1. Of the beta bridges DSSP finds with both residues in chain A, what % are antiparallel, to the nearest 5?
2. What's the angle, to the nearest 10 degrees (0 to 90), between helix B:138-166's Cα axis and the longest principal axis of chain B?
3. Find the lysine pairs in chain A meeting two conditions, Cα atoms under 14 Å apart and a separation of 8 or more places or different chains, and report how many there are.
4. Which angle from 0 to 90°, rounded to the nearest 10, does the C-alpha axis of helix A:110-119 make with the longest principal axis of chain A?
5. Apply 1/(1 + (r/R0)^6) to the Cβ-Cβ distance of A:S109 and B:R254, taking R0 = 35 Å, and write down the FRET efficiency to the nearest 0.05.
6. Students often forget the sequence filter, so: which lysines lie under 29 Å Cα-Cα from B:K119 once same-chain residues fewer than 8 apart are removed?
7. Quick check on chain B: take the gyration tensor over C-alpha atoms, sort the square-rooted eigenvalues as a ≥ b ≥ c, and tell me if it's rounded (a/c under 1.5), prolate or oblate.
8. For A:E288 and B:K13, what is the calculated FRET efficiency with R₀ set at 35 Å and r taken between the beta-carbons, to the nearest 0.05?
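Readers should treat all values here as calculations from the given coordinates under stated rules, not as data from a laboratory. Predicted model, so just to flag it, every value in this text is computed and none were measured. In this analysis, Cβ positions are derived from the backbone assuming ideal geometry, glycine residues included, and neighbour counts consider all displayed protein chains.
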Amino acid sequence: MQHVQEKMVQVAGIRKTFGRRVVLRDVSFEFSTGKIVGLVGPNGAGKTTIMKILLGLTPTAAGDVRISGQPVSVNTHQVVTCQVGALIERPAIYPFLSGWQHLQLTTASTVQMDWVVKALQMTAYIHRPANRYSLGMKQKLGIAMALVTRPRLVILDEPMNGLDPQSVKQLRDLLVQLAHEGTTFLISSHILSELAKIIDQVILIDQGRVLLQQTMTQLHQSARAFLVIHTAANQRACQLLQSAGYSVTLREDQLSLPASLALTPLLKIVLDAGIQVLKVSQQREDLETVLLRLLANGRE
Amino acid sequence: MRKTLWREIFKFKHQRLAWVTPLLVALLMGGVALTTHRMTLSDQKFYVTSGYVGFQWSILFLIVISATSVAMEFEYGTIKQLAMQVPHRWLIYVAKFLVVLGYSMLLHVLVVGVTLILKVSGDPRMHWQTIYRYHQSLGCNLGINALLDLYGGVLIVSLVFLLASCSRHGATAIAVGVGACFMGEGLSSLLLGSFKAFVPWLKWNPFNMFYLQEEYGNPDYRTMTHLTIRQLEIGNVVWTLLFIGIGAVIFSRRRL
Ligand SMILES: Nc1ncnc2c1ncn2[C@@H]1O[C@H](COP(=O)(O)OP(=O)(O)OP(=O)(O)O)[C@@H](O)[C@H]1O
Ligand SMILES: [Mg+2]
């Protein structure tokens, strides 16, 4: 059991500058083996930069990076060579090689190659030269190259780019299956909902800082709940409630209030005024809204 | 290193240029051989020993191959994948250099081979045993020229590798490489002629090393290069190592 809890990635106090511009400041996070972790943030937040640093592709100004407990830097990244597969920014593709030849460059095992081609359903075009691939085909090949050696850690930078809904679903299923078998994933995206179904944890970054690292359960809990009331005369009900001291907002054709309120006195005000209540329900913020709220808070 | 080298060879042999080059060189040599039919015997001998201009064509193609070999990794973004697979990035650079070097040897063997065939169509009074320059036979001359060209080509290839690891696009490296290859000697003479006071230093400039082949054929070049053949040989190696060293460092430090 102890093995399962092993820390796959540990990042502490990373600082990265491009010239005088500070791109990452004091970035720290860690996660355990077998988890699917989402690295989420707006454009330019520093997701790709963090991934490049994890792979030993980019030097840092300060900080410590470890994968499986072994240090990673530009000049010492043996652990990356042996245990990590990655797709960074755009797939690394030579136009003059076929998809199959790309896989040959990555592994010597045809068993692994056959497996990944089948898993990503690339059989139809794997032997065609890559310069005749569509955007999505290239993206799949990039993912295939990251997965083919069955590495312990897989780093994918916006892997869903250019994939059709069906392929996205296949990829999700594949990632979940591999995670069950013990592979750890770090996946970046600027859209959380794309990842929400599969990730265990989310690391939210903005302007080069980690705003939060939470499990999805924690994130769901921090979604605010609302009381939503439909009445026959929303306008008047809103004014009544406001004058009674409730913080109520009129949105579209419904009234929304904080969920923690006692229902009876509130409804009594509305009913006493002779307004018909059509529907009372509770709603939760969706994850995207939570994220935007957290981002807005972080920037204050 | 073995794996890196294997990967580079794998990629290289799947590029069309690798297969088209020998074909083109052979064709161009054939073309030159046709034009030499009406020439005098001594001119024909000259063309035979210089491989029907095949050596020059080879170095042109080698410049293009070297530049694209380095520049394509940055252009296609494949350098990131490569860098993850090796402990040090300069290993990729050295592997690429070795592949081009090996290919250069093959091309030179090809040029010699095609020359052997083309000579049959030349003047029947030409014999491989005929004594030509350096008090050596015609055949020996061809061999010596091939070796000298191979030796001098390494310097040019290392220069192009250096240029390609500095520039975003291979085209720049190709242009400068070709320029250096065909005008470098002139540039060097111009330098040495213009700044007589600095000759003791300027004579070591890399372009002066390109004269190795000429000086070997004609020792009178000594007055122009101010260097002995031995010095030219050593200068070639030193500059090659320097170019490779600097190029490898730039290649390793380049932002990905
Ligand atoms: N080579 C570079 N030179 C200068 N600044 C850079 C360079 N690469 C990235 N940056 C800066 O670093 C910051 C983070 O970039 P990064 O590519 O990591 O963002 P990202 O989170 O991956 O964005 P996106 O979602 O658009 O891919 C950006 O502000 C960017 O301007
Ligand atoms: Mg990015």
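1. 65 percent
2. Result, in degrees: 30.
3. Pairs that pass both the separation and distance tests number 7.
4. 20 degrees
5. Taking R0 as 35 Å, the efficiency between A:S109 and B:R254 is 0.65.
6. In chain and number order, the partners are B:K45.
7. Judged from the Cα gyration tensor, chain B comes out oblate (a/c at least 1.5, b/c at or above a/b).
8. Using R0 = 35 Å, I get an efficiency of 0.10.
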